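Novice: Have a look at the structure that comes next, please.
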Amino acid sequence: MSRILIADDSSSQRIILSGNLEKLGHEIEATGNGQEALEKIKIHPPGCHLLDNLLLVMDGLQTLETYQTQNIRLPIMMLTADIQEWLKIRCLELGTRMFLNKPIKQTQLPEALQ
């Protein structure tokens with residue numbers, strides 16, 4: 001399968017997602033920090049990025065804006081409990097491919113990753 005980067009401020013959410021994705025055969029790297037996600041992508045770009053909007057240091061929107069200014073292109077799925085329409089539109093403009101509502105059901109992951 002592929003390498004997936006999870007960026008979520010909730011350590012429990014990172015643990016749950018990591019476990020579910022590892023069961024599907026993916027290699028996982030995780031952080032709760034938008035700046036660290038950027039650094040990890042520069043060192044070893046993942047095949048997919050699951051990005052929460054509520055992050056430490058840089059939130060999801062700031063992280064997406066930084067990716068765009070630095071010409072970083074990769075499949076990104078936003079993780080969210082609730083997202084305002086303006087934010088959803090902006091995230092799509094910045095390259096988000098999909099939104100996954102929290103809590104994410106294990107059954108959603110295989111389909112979303114395809």
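Quick note: the coordinates plus some simple rules give every number you see, no bench work behind them. Here the structure is a predicted model, which is why all the values come from computation and not from measurement. Cβ sites come from the backbone with ideal geometry, for glycine too, and all protein chains shown count toward neighbours.
Novice: How big is the antiparallel share of DSSP beta bridges in region 30-114, given as a percent to the nearest 5?
Specialist: Antiparallel bridges: around 0 percent, rounded to the nearest 5.
Novice: Tell me, in nm to one decimal, what length is gained between GLU27 and GLN106 on full extension, where the rule is 0.36 nm per residue of separation less the Cα-Cα distance?
Specialist: The GLU27-GLN106 span can extend by a further 26.8 nm.
Novice: Please compute the length gained on full extension between ASN71 and ARG90, using 0.36 nm multiplied by the number of residues separating them and subtracting their Cα-Cα distance.
Specialist: Once the chain is fully extended between ASN71 and ARG90, it gains 5.2 nm.
Novice: Provide the per-residue ³J(HN,Hα) series for region 35-52, in order, calculated from phi with Karplus coefficients 6.51, -1.76, 1.60 and θ = phi - 60°, each as a whole number of Hz, with x at glycine and proline positions.
Specialist: For region 35-52, the Karplus-derived couplings read 5, 5, 4, 4, 5, 5, 5, 5, 6, 8, x, x, x, 7, 10, 9, 10, 7 Hz, x marking Gly and Pro.
Novice: Another question, then. For a quick check: with amide H placed at 1.01 Å from N, whose amide H comes under 5 Å from ALA30's, ignoring anything fewer than 5 positions away on the same chain?
Specialist: Hits under the 5 Å cutoff: ILE6.
Novice: What are the equivalent ellipsoid semi-axes of region 58-114, built from the alpha-carbon gyration tensor (square roots of five times its eigenvalues), in whole angstrom, biggest first?
Specialist: 20, 14, 9
Novice: On to the next question. For ILE16, what charge total do you get from the other residues with a beta carbon under 15 Å from its beta carbon, if Lys and Arg give +1 and Asp and Glu give -1?
Specialist: Combined, the nearby Lys, Arg, Asp and Glu give 0.
Novice: What spacing in nm lies between the two simple spin-label points modelled at ILE15 and LYS42, each 7 Å away from Cα in the Cβ direction?
Specialist: Taking the two extended label points, one gets 3.1 nm.
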